[in-house]
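The values are calculated or read from the model by the stated rules, or taken from the named source; none is laboratory data. Predicted, not measured: the structure shown is a model, and the values here were computed from it. Glycine also receives a Cβ, built like all others from the backbone with ideal geometry; neighbour counts cover every protein chain displayed. Calculation scope for accessible area: heavy atoms of the full protein, side chains included, ligands and nucleic acids excluded. Shrake-Rupley method; radii C 1.70, N 1.55, O 1.52, S 1.80 Å.
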Amino acid sequence: MAIDWKRWVEECIQLTLPSSVHWCDGSEIEYAMLLETMVRSGALIRLNHALHPNSFLHRSDPNDVARTEHLTYVCTQHEEDAGPNNNWMAPAEAKARLRPLFDGSMKGRTMYVIPYLMGPVGSPHSKAGIEITDSPYVAANMHLMTRVGRPAMDRIEETGDVVPGLHSLGDLSPDRRFIVHFPEERLIWSVGSGYGGNALLGKKCFALRIASHMARDEGWMAEHMLIIGIEDPEGRTTYVAAAFPSASGKTNLAMLVSTLADEGYRVRTVGDDIAWLHIDQEGQLRAINPEAGFFGVAPGTSLSTNPVAMKTVHRNCIFTNVAVTLNGEPWWEGIGTPAPEGLIDWRGRPWDPANGPAAHPNSRFTVSARQCPSVSPHWEDPEGVPISAIVFGSRRSALVPLVFEARSWQHGVLIGAGMGAETTAAATGAVGVVRRDPMAMLPFCGYNMGDYFRHWLEMGARMKKPPKIFRVNWFLKDLSGMFLWPGYGENIRVFKWILERVHGTGKAVDTPLGAMPAPDAIDTHGLTLQPDAMKQLFAIDRGGWRVATDGMAEFFRTFGDRFPQELWTEHAALRKRLGV
Ligand code: GTP
Ligand code: SPV
Ligand code: MN
């Protein structure tokens with residue numbers, strides 16, 4: 001949408017009254033200046049330079065450590081167009097409520113005007129945004145996560161197209177916090193939070209909520225998906241896109257270090273959080289990563305679980321809400337070393353286990369994708385990489401087997417649409433509660449999900465050979481609460497089977513849920529599992545699935561007649577196969 005963005009910037013200045021305005025050019029000098037400003041103000045702490053070159057720690061306000069879904073709105077003219085999956089306000093009402101919060105909110109602060117490009121430079125699928133913010137932390141993170149400056153300005157000048165986003169920290173009070181989207185105007189307003197997805201407007205606000213709305217109108221898809229290329233012994237690279245909910249394993253899978261590397265299976269990273277997918281002239285689905293960096297979960301990341309991430313964050317990294325050692329090193333639960341003497345917790349207090357974890361469970365690292373050792377040579381290909389398989393995964397401690405394959409695209413869409421997931425610390429609220437999280441997009445779909453499911457069906461119909469769709473679950477637990485599957489690098493064994501299925505050689509048996517690996521089709525050589533683990537990892541609990549399909553139906557009904565009839569047919573067929 002062509003807008004007079006210079007005038008929009010002027011209006012934002014008039015409204016928020018900053019003491020100065022800084023136009024960002026994306027240069028290294030500017031990045032260094034932003035960091036220096038924050039070190040001086042105390043917003044950043046310099047970490048041990050010898051051990052962690054050019055790396056910093058930021059501590060958020062303790063009330064501002066995760067996305068706040070209950071304060072996030074999609075403001076379409078008609079409420080039905082936002083759907084039951086979104087909070088809604090009428091656009092005029094939203095503006096009337098938020099305007100006073102922006103009124104003079106930048107007094108005494110510098111306004112940063114950040115032109116940024118989402119997607120590779122030179123890609124016809126990339127899109128520009130301008131974020132206005134009064135947070136230098138946001139500006140520095142945008143430097144790492146997007147392409148700031150010239151590439152964005154060029155695109156804006158070429159096309160006149162830009163998504164404007166106004167962000168202010170306000171007073172950081174959750175009572176005056178709103179993350180508001182106007183998808184019909186392609187506009188974002190966010191106030192009262194400095195955290196990740198609430199404040200880095202290129203990420204969830206633009207690249208998912210606004211972009212999903214654009215994608216529906218324009219015939220493409222914006223998804224909460226990692227993208228990887230998997231090399232196999234034949235020398236092929238097969239590209240896979242995978243949707244897992246927040247804090248459920250995308251970054252880890254995107255950087256997986258294969259335990260079958262000796263056999264020739266290796267993973268290359270294209271993206272770890274968001275995929276923009278288009279159908280090319282030949283009818284092939286292709287994916288670009290709109291981002292240029294990673295905003296990854298720190299806890300649980302170690303040299304044994306994710307050595308690639310550990311190498312990636314070794315320098316030029318901004319850590320948010322991790323703990324810090326006396327020696328100025330970042331520390332978090334699951335880093336692989338015991339909590340050292342004198343540890344300072346994420347709030348800046350001497351660590352006391354009585355206060356909970358030392359690092360916040362949603363503490364994160366921000367780092368440029370360029371310095372990831374496993375980054376794919378094709379990660380910035382303008383046309384994107386060809387996708388052969390789509391994988392849905394989520395945390396389910398019971399019920400959902402390790403892996404199964406959809407019988408068709410339409411069945412795969414049902415699997416995605418009906419996906420249940422245990423909630424995580426990535427959003428405020430209870431953790432570990434199962435909710436429906438279709439395609440891992442519940443918090444990110446910028447329109448009515450009934451229409452979104454229809455869009456998935458229509459996209460599949462337009463592809464010459466739609467990718468095969470799989471469901472995975474790394475998180476099954478035994479009765480004592482131990483994970484049944486070792487996960488991380490061993491997940492390559494599941495992908496070995498997925499690749500075999502894509503290329504027509506993998507052995508499978510038909511089950512009510514879909515095609516499951518034939519006995520011995522998953523390569524377990526050299527793997528120590530609990531006795532019976534494989535049996536438990538592939539068990540089908542019909543009673544449990546009856547309850548789950550009831551839950552799906554209840555959720556699907558909330559979309560009324562916007563929910564596609566084809567998926568009701570798939571749902572009935574699933575119940576019939578299960579005999580429930
Ligand atoms: P967002 O950035 O919030 O969208 O999350 P993400 O999907 O990228 O999640 P991430 O890969 O950062 O994983 C989050 C948590 O899941 C971390 O604590 C990991 O240690 C844990 N995790 C990831 N993969 C596995 C696995 O295969 N098995 C087990 N048990 N845990 C895993
Ligand atoms: C998520 O919550 O899915 C994230 C982190 O990837 S945030 O950028 O905060 O959305
Ligand atoms: Mn995410």
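The table that follows gives values for the structure above.
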item	result
Filter result for Thr68 (touching a strand residue (DSSP E or B) at 6+ places or on another chain (Cβ under 8 Å), of a type in the set (Ser, Thr, Tyr) and open to solvent by 20 Å² or more (accessible area, probe 1.4 Å))	no
Filter pass, Gly334 being open to solvent by 20 Å² or more (accessible area, probe 1.4 Å), within 16 Å of ligand 3 (Cβ to nearest atom) and outside the structural domain of Lys203 (by TED's automatic domain parsing)	no
Some residue of the stretch 289-300 being in contact (Cβ under 8 Å) with a residue 40 or more places away in the chain and away from ligand 2 (no atom under 16 Å from the Cβ)	no
Any hit, the stretch 107-120, residues being among the basic types (Lys, Arg), free of Cβ contacts under 8 Å to residues at least 40 places away in the same chain and either out of contact with any Pro (no Cβ under 6 Å at 6 or more places or on another chain) or part of a strand (DSSP E or B) (or both)	no
Residue in the stretch 142-154 that is surrounded by 24 or more Cβ atoms within 10 Å (Cβ to Cβ), in contact with a Cys (Cβ under 6 Å, 6 or more places away or on another chain) and hydrophobic (A, V, I, L, M, F, W, C) present	yes
Residue list for the stretch 171-209, filter: more than 16 Å from ligand 3 (Cβ to nearest atom) and not in a loop (DSSP other than H, G, I, E, B)	Pro174, Asp175, Arg176, Phe178, Val180, His181, Phe182, Leu187, Ile188, Trp189, Ser190, Val191
Which listed residue, of Val400, Val433, is among the β-branched types (Val, Ile, Thr) and over 21 Å from the mean Cα position of the chain (by Cα)	Val400
Failed item in (1) surrounded by fewer than 15 Cβ atoms within 10 Å (Cβ to Cβ); (2) touching a Phe, Trp or Tyr at 6+ places or on another chain (Cβ under 9 Å), with Leu98 passing the rest	(1)
Conditions (1) within 14 Å of ligand 3 (Cβ to nearest atom); (2) within 18 Å of Lys468 (Cβ to Cβ); (3) surrounded by fewer than 24 Cβ atoms within 10 Å (Cβ to Cβ); number of the one not met by Leu277	(1)
Any hit, the stretch 467-477, residues being out of contact with any strand residue (DSSP E or B) (no Cβ under 9 Å at 6 or more places or on another chain), over 24 Å from Asp272 (Cα atoms) and either at pLDDT below 95 or away from ligand 3 (no atom under 16 Å from the Cβ) (or both)	no
Residue list for the stretch 192-212, restricted to those being more than 14 Å from ligand 1 (Cβ to nearest atom), over 19 Å from Thr16 (Cα atoms) and not small (Gly, Ala, Ser)	Cys205, Phe206, Arg209, Ile210
Index of the failed condition, Thr366 passing every other in (1) assigned by TED's automatic domain parsing to the domain that holds Asp523; (2) within 16 Å of ligand 3 (Cβ to nearest atom); (3) open to solvent by less than 40 Å² (accessible area, probe 1.4 Å)	(1)
Count of residues meeting criterion [in contact with a helix residue (DSSP H, G or I) (Cβ under 7 Å, 6 or more places away or on another chain) and charged (D, E, K, R)] in the stretch 485-529	1
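The rows are residues; the columns are (1) open to solvent by 10 Å² or more (accessible area, probe 1.4 Å); (2) more than 16 Å from ligand 1 (Cβ to nearest atom); (3) part of a strand (DSSP E or B).
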{"residue": "Pro361", "(1), (2), (3)": "yes, no, no"}
{"residue": "Glu380", "(1), (2), (3)": "yes, yes, no"}
{"residue": "Ala389", "(1), (2), (3)": "no, yes, yes"}
{"residue": "Arg396", "(1), (2), (3)": "yes, no, no"}
{"residue": "Val400", "(1), (2), (3)": "no, no, no"}
{"residue": "Ala430", "(1), (2), (3)": "yes, yes, no"}
{"residue": "Cys445", "(1), (2), (3)": "no, no, no"}
